[in-house]
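The block underneath contains the structure these notes are about, expressed in structure tokens.
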């Protein structure tokens with residue numbers, strides 16, 4: 001079925017550049033951009049339409065904030081069995097791998113904790129509430145197969161640490177499959193994938209990594225022809241209380257934000273979900289983030 005069948009055209013902006021076209025829209029609480037190496041405006045618009053539809057489809061399906069969507073129904077099943085599709089099962093399998101590789105620190109069942117930590121300028125959660133929520137967090141208690149999912153009443157899933165990176169990869173590979181000779185760099189809020197190489201005769205894509213000390217300015221710049229990267233950090237989602245900064249990366253073992261973590265971690269990887277997994281795991285390592293990434297033998301950049 002055509003992705004765009006029976007739907008109105010999504011809102012996006014498109015402008016011409018010396019290297020092709022720049023398209024932008026907003027989804028998943030992030031600015032979303034596509035750098036498209038083609039002079040064909042009609043083709044660029046078709047690519048943008050596919051990208052915006054797919055990003056919004058994933059947001060509508062996996063956001064925990066949308067009442068009545070598939071994730072909302074799963075989280076409100078009150079301990080009963082939920083029917084799931086192959087896409088949800090695949091992301092759950094990836095989440096299980098993340099949970100195992102991180103010794104339980106990367107845990108998408110941290111929904112009860114994320115409900116407490118709002119990061120909207122409000123007060124800190126009460127210690128008793130944190131302990132109560134922490135007792136409901138344990139992905140090893142999530143039972144699923146390709147068709148069914150079940151976990152204890154009170155638990156809830158949060159795909160926030162996976163969904164945006166997954167959307168980046170999905171959009172990038174949908175476009176690469178249809179136009180295998182056109183290089184497109186997909187950038188959703190700093191999470192990036194470019195599966196089709198920008199030819200050696202052309203300048204590589206220029207990617208800026210935001211400086212946490214000076215928001216909206218680049219603290220480092222990378223050149224990419226092909227590959228992916230993801231960034232995790234607390235530059236925009238945090239609480240400050242009595243001179244202490246609480247970032248949004250929660251350690252499910254303590255129920256509190258990770259201490260002594262970098263302000264941001266950027267990792268280069270073969271795809272965006274892998275890069276995102278490693279970036280988040282590094283943040284969860286706190287002061288050992290750089291050591292962890294060095295052991296993974298990947299390119300990375302940390303800001304402290």
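General remarks:
- Filter result for the condition that a residue is without any contact (Cβ under 8 Å) to a residue 40 or more places away in the chain and in the same structural domain as residue 109 (by TED's automatic domain parsing), over 87, 46, 39: 87
- Residue count for the stretch 131-154, restricted to those that are over 16 Å from residue 253 (Cβ atoms) and in a loop (DSSP other than H, G, I, E, B): 8.
- A search for C-beta distances below 9 Å between a residue of the stretch 226-251 that is within 18 Å of residue 280 (Cα to Cα) and any residue that is surrounded by fewer than 15 Cβ atoms within 10 Å (Cβ to Cβ) and at pLDDT 85 or above, counting only pairs 6+ apart in sequence or on different chains, returns 228/270; 229/299; 251/259.
- Residue within the stretch 264-277 that is under 17 Å from the mean Cα position of the chain (by Cα) and surrounded by fewer than 16 Cβ atoms within 10 Å (Cβ to Cβ) present: yes
- Exactly one residue out of 44, 77, 89, 128 is part of a loop (DSSP other than H, G, I, E, B), farther than 24 Å from residue 232 by Cβ and out of contact with any helix residue (DSSP H, G or I) (no Cβ under 6 Å at 6 or more places or on another chain), and it is 77.
- Residue ID - farthest from the chain's Cα centre (by Cα), chosen from residues in the stretch 5-29 that are closer than 23 Å to residue 87 by Cα and buried (at least 18 other Cβ atoms within 10 Å of the Cβ): 27
- Residue check, residue 134 in contact with a helix residue (DSSP H, G or I) (Cβ under 9 Å, 6 or more places away or on another chain), surrounded by 18 or more Cβ atoms within 10 Å (Cβ to Cβ) and not assigned by TED's automatic domain parsing to the domain that holds residue 255: yes
- Some residue of the stretch 21-36 being under 21 Å from residue 140 (Cα atoms), outside any loop (DSSP other than H, G, I, E, B) and touching a strand residue (DSSP E or B) at 6+ places or on another chain (Cβ under 8 Å): no
- Taken together, the residues in the stretch 63-93 that are closer than 17 Å to residue 167 by Cα and in contact with a strand residue (DSSP E or B) (Cβ under 6 Å, 6 or more places away or on another chain) amount to 1.
- Among the candidates 59, 87, residue that is under 19 Å from the mean Cα position of the chain (by Cα) and surrounded by 18 or more Cβ atoms within 10 Å (Cβ to Cβ): 59
- Pairs where the first residue, in the stretch 99-116, is in the same structural domain as residue 249 (by TED's automatic domain parsing) and within 15 Å of residue 284 (Cβ to Cβ) and the second is part of a loop (DSSP other than H, G, I, E, B) and at pLDDT 90 or above, C-beta under 7 Å, 6+ apart: none
- Only a single criterion out of (1) crowded, with 20+ Cβ neighbours inside 10 Å; (2) closer than 24 Å to residue 188 by Cβ; (3) at pLDDT below 90 is not satisfied by residue 222, namely (1).
- Matching entry among 240, 297, 285 (being surrounded by 19 or more Cβ atoms within 10 Å (Cβ to Cβ), farther than 18 Å from residue 168 by Cβ and at pLDDT below 95): 285
- Residue in the stretch 42-52 that is within 17 Å of the chain's Cα centre (by Cα), at pLDDT 95 or above and closer than 23 Å to residue 27 by Cα present: yes
- Residue in the stretch 72-87 that is at pLDDT 95 or above and within 29 Å of residue 197 (Cα to Cα) present: yes
The values are calculated or read from the model by the stated rules, or taken from the named source; none is laboratory data. These figures come from a predicted structure and were not determined experimentally. No Cβ is skipped: glycine too gets one built from the backbone with ideal geometry, and neighbour counts run over all protein chains shown.
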